[in-house]
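Q: Please see the structure below; I have some questions.
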Amino acid sequence: MYCEALMLRNKELKASSGKKFLLRAPRDERKDLHLIIKQEDQVIGTLLLHPISAECVQIKQVAVDSHHQGEGLGKNLLIYAEQVARRVGFCLVFLTGREQAWGFYEKLGYQSISEEYAEGQLTMRIYKKDIQSPLEQVEKREMKTNG
């Protein structure tokens with residue numbers, strides 16, 4: 001399954017960015033949480049959750065097969081990734097998004113925290129989202145002030 005996800009990332013992300021294709025798993029992905037969408041035994045969506053600190057996780061390598069884009073799979077995958085990250089204990093997610101995906105991330109509540117910048121052939125921005133529930137935020141603030 002990982003090889004299928006890697007091939008999907010090459011097809012949907014690397015090919016359009018002009019970057020070299022991945023032939024094997026990068027070492028820095030060994031501790032990442034790998035999420036996939038399968039349909040009829042075929043990987044059609046993938047993303048990685050890459051821990052940065054005890055509270056922060058990066059969403060990386062979001063890819064949905066071009067034949068299935070526009071079906072809501074990317075949205076569902078991102079929402080599920082946020083739920084997984086929250087359950088594991090993260091309270092903040094961030095990601096880097098290509099210009100063509102900025103509106104997609106903004107509709108899902110992500111806030112741009114950088115100016116646009118060039119990365120190879122792509123124009124990128126960094127986005128973040130607080131994934132704590134409002135109740136968890138209040139409880140954390142109260143614990144800091146009371147204890």
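Q: Could you list, in sequence order, the residues of region 97-108 that are within 15 Å of A118 (Cα to Cα) and either in contact with a helix residue (DSSP H, G or I) (Cβ under 7 Å, 6 or more places away or on another chain) or surrounded by fewer than 17 Cβ atoms within 10 Å (Cβ to Cβ) (or both)? Write out each step before concluding.
A: Here is the first cut: in region 97-108, the ones within 15 Å of A118 (Cα to Cα) are 97-102.
Answer for region 97-108, where residues must be within 15 Å of A118 (Cα to Cα) and either in contact with a helix residue (DSSP H, G or I) (Cβ under 7 Å, 6 or more places away or on another chain) or surrounded by fewer than 17 Cβ atoms within 10 Å (Cβ to Cβ) (or both): G97, E99, Q100.
Q: In region 30-54, which residues are over 18 Å from T96 (Cα atoms) and touching a Gly at 6+ places or on another chain (Cβ under 9 Å)?
A: Of all residues in region 30-54, those over 18 Å from T96 (Cα atoms) come to 30-31, 36-44, 54.
Across region 30-54, the qualifying residues are I36, I37, K38, Q39, A54.
Q: Would you mind telling me which numbered condition in (1) crowded, with 17+ Cβ neighbours inside 10 Å; (2) under 18 Å from Y127 (Cα atoms); (3) among the aliphatic types (A, V, I, L, M) I44 fails?
A: (2)
Q: If you check Q61, Q121, Q69, which single one turns out to be without any contact (Cβ under 8 Å) to a residue 12 or more places away in the chain and not charged (D, E, K, R)? Let's see the steps before the verdict.
A: Values: Q61 fails: without any contact (Cβ under 8 Å) to a residue 12 or more places away in the chain; Q121 fails: without any contact (Cβ under 8 Å) to a residue 12 or more places away in the chain.
None of the other options fit; the residue is Q69.
Q: Kindly indicate the residue of region 55-72 that is among the aliphatic types (A, V, I, L, M) and modelled with pLDDT of 95 or more and also farthest from the chain's Cα centre (by Cα) among those meeting that condition.
A: First, the residues of region 55-72 that are among the aliphatic types (A, V, I, L, M): 57, 59, 62-64.
Still in the list and also modelled with pLDDT of 95 or more: 57, 59.
Numbers: V57: 9, I59: 3 Å.
By that ranking, first place goes to V57.
Q: I've got another one for you. For region 22-35, how many residues are modelled with pLDDT under 90 and surrounded by 15 or more Cβ atoms within 10 Å (Cβ to Cβ)?
A: Initial filter on region 22-35 (modelled with pLDDT under 90): 22-31.
Pick out the ones that are also surrounded by 15 or more Cβ atoms within 10 Å (Cβ to Cβ) and you get 22, 29.
Of the residues in that region, 2 qualify.
The values are calculated or read from the model by the stated rules, or taken from the named source; none is laboratory data. Quick caveat, the model's predicted, so the values are computed rather than measured. Please note: Cβ atoms are built from the backbone with ideal geometry, for glycine as well, and neighbour counts cover all protein chains shown.
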